[in-house]
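The values are calculated or read from the model by the stated rules, or taken from the named source; none is laboratory data. Treat the numbers as computed from the prediction; the structure is a model and nothing was measured. For neighbour counting, all protein chains shown are included, and Cβ atoms are generated from backbone atoms with ideal geometry for every residue, glycine included.
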């Protein structure tokens, strides 16, 4: 997918109507056999009816079977009323083992060749909180003397700069606080990547390489289904798990127990206890992004 | 694997889903009062072979035996205390000049200045002992740790120490907690350094994420 496609589509669509548009675009479709006519004409996620969405999900499942040789289930899991997710990470406990990044890689069907993950673990000098000084390619054993470790992933901001810069509204914040991407609507302009102060967004430079046995078949439309080439992707707090009440994969994988996840709107939740009883802070607070991801040290 | 139920609860009630939300799989409406819904259980994991001594018999077979195998009224330990026995070697100081036999684990008690009796019952070795003299089965080891590590135990109870698995939302499913001894060996509880996994590989087309973020 390239930038001109959506732009052209949008302009043309207004004047031609759908049937005319389909005819006008036929040559383009012929040039890019990977893109089906159905996909080109798909509506924005938010505009889809239940029936239309069901058709798309089945189509995507078929495509996954054809491309990767594996049966997958792609669901559309919606936010739960009364739930707003929050995440906290105990920096006194984290030892920098990167198991969270590995779990993310597997859970979210990331490209195997690049070791892509929505989590980067920064090795930091004790006493400094400057993300820019963190190194990501440290080698063990960990924790190294004088260092601490700070995993960084999407902070699910209340004020997400990535959302406001998107020229086509392919990314938005949902009612539970998760910022999502409609991979079928994204034009891959990468403005959001540049706008994110936490370097939390990734671009799919190529079609993800994944063996059939490596694919996590439990997928959802807005999260871990295998992304097409040329679109943006990001951490969704594993919404295909968390919207069903389960914990995110990175939390379960943490061998040290440094991660706390839960519902910010539930006063009896673990995450609320942390916010009320630990001295939490957020990254780059001065930017006004208001993250829902918090860090703390034990006193 | 055995598990101790902390909270046993009734199965989750399923609530009606407003029609306009019925796109994906059914989700309960959590706006209802928190006491209105029953909760699933939280269980504490009990490590395999907890409170047992693992040793290899001369025929090569590996045995996991309870303490009372040797520490009974008629037990081996009571009959013939042999300081060179591999199973406690290193935990108890060796007599001067005695070398540990080959294959023996080099273990030492590295837990403050604690003595065995701070945790193990002297009368019944199959049980743990609290400071007030009360005895506990090994499965309740968290209670033992809790009496000396109040802040960590409080954090553990509130979910911010020790990790968990399963459901954040107990209305929809159960949760498992680790035992303190899943992560801290009671005799040498300091968390050991590990080798990190999963080094980030050069992303062949994306140089901006190669080494540093800024």
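List, please: which pairs have Cβ atoms under 7 Å, are six or more places apart or on different chains, and start with a residue in the range A:59-78 that is within 11 Å of chain B (Cβ to nearest Cβ) and modelled with pLDDT of 95 or more and end with one that is surrounded by fewer than 19 Cβ atoms within 10 Å (Cβ to Cβ) and part of a loop (DSSP other than H, G, I, E, B)?
Partner pairs satisfying both residue conditions: A:73/A:217; A:75/B:25; A:76/B:23; A:77/B:25; A:78/B:23.
Tally up the residues in the range B:149-163 that are more than 15 Å from residue A:92 (Cβ to Cβ), buried (at least 16 other Cβ atoms within 10 Å of the Cβ) and more than 7 Å from every other protein chain (Cβ to nearest Cβ), please.
Qualifying residue count for the region: 2.
Out of the residues in the range A:102-160 meeting the condition of being out of contact with any helix residue (DSSP H, G or I) (no Cβ under 9 Å at 6 or more places or on another chain) and in a strand (DSSP E or B), tell me which one is modelled with the lowest pLDDT.
Among those that are out of contact with any helix residue (DSSP H, G or I) (no Cβ under 9 Å at 6 or more places or on another chain) and in a strand (DSSP E or B), it is A:135.
Please name all residue pairs, on different chains or six or more residues apart, with Cβ atoms under 7 Å, provided the first residue is in the range A:82-108 and is more than 9 Å from chain B (Cβ to nearest Cβ) and the second residue is at pLDDT below 95 and surrounded by fewer than 24 Cβ atoms within 10 Å (Cβ to Cβ).
A:92/A:298
Looking at residue A:191 and the list (1) touching a residue at least 40 places away in the same chain (Cβ under 8 Å); (2) over 12 Å from the mean Cα position of the chain (by Cα); (3) more than 10 Å from chain B (Cβ to nearest Cβ), which single condition is not satisfied?
In the conditions (1) touching a residue at least 40 places away in the same chain (Cβ under 8 Å); (2) over 12 Å from the mean Cα position of the chain (by Cα); (3) more than 10 Å from chain B (Cβ to nearest Cβ), residue A:191 misses (1) alone.
Determine which member of the set A:175, A:220 is under 21 Å from residue B:167 (Cβ atoms), surrounded by fewer than 21 Cβ atoms within 10 Å (Cβ to Cβ) and within 11 Å of chain B (Cβ to nearest Cβ).
A:175
If I ask for residues that are under 18 Å from residue B:154 (Cα atoms) and free of Cβ contacts under 8 Å to residues at least 40 places away in the same chain, which ones from the range B:170-189 would you list?
Hits for the range B:170-189 are B:180, B:183, B:184.
Does the range A:69-83 include one or more residues that are under 30 Å from residue A:297 (Cα atoms) and surrounded by 19 or more Cβ atoms within 10 Å (Cβ to Cβ)?
Within the range A:69-83 (the criterion being under 30 Å from residue A:297 (Cα atoms) and surrounded by 19 or more Cβ atoms within 10 Å (Cβ to Cβ)), the answer is yes, since at least one residue qualifies.
Would you be able to tell me the number of residues in the range A:253-299 that are facing chain B (nearest Cβ under 7 Å), within 20 Å of the chain's Cα centre (by Cα) and within 19 Å of residue A:152 (Cβ to Cβ)?
Going through the range A:253-299 one residue at a time, the tally reaches 3.
So which residues in the range B:44-62 are closer than 22 Å to residue B:185 by Cβ and either in a strand (DSSP E or B) or touching a strand residue (DSSP E or B) at 6+ places or on another chain (Cβ under 9 Å) (or both), if there are any at all?
Listed by number, the residues that qualify are B:44, B:45, B:46, B:48, B:49, B:51, B:52, B:53, B:54, B:55, B:56, B:62.
Going through the range A:109-128 one residue at a time, which ones are free of Cβ contacts under 8 Å to residues at least 12 places away in the same chain and more than 10 Å from every other protein chain (Cβ to nearest Cβ)?
A:127, A:128
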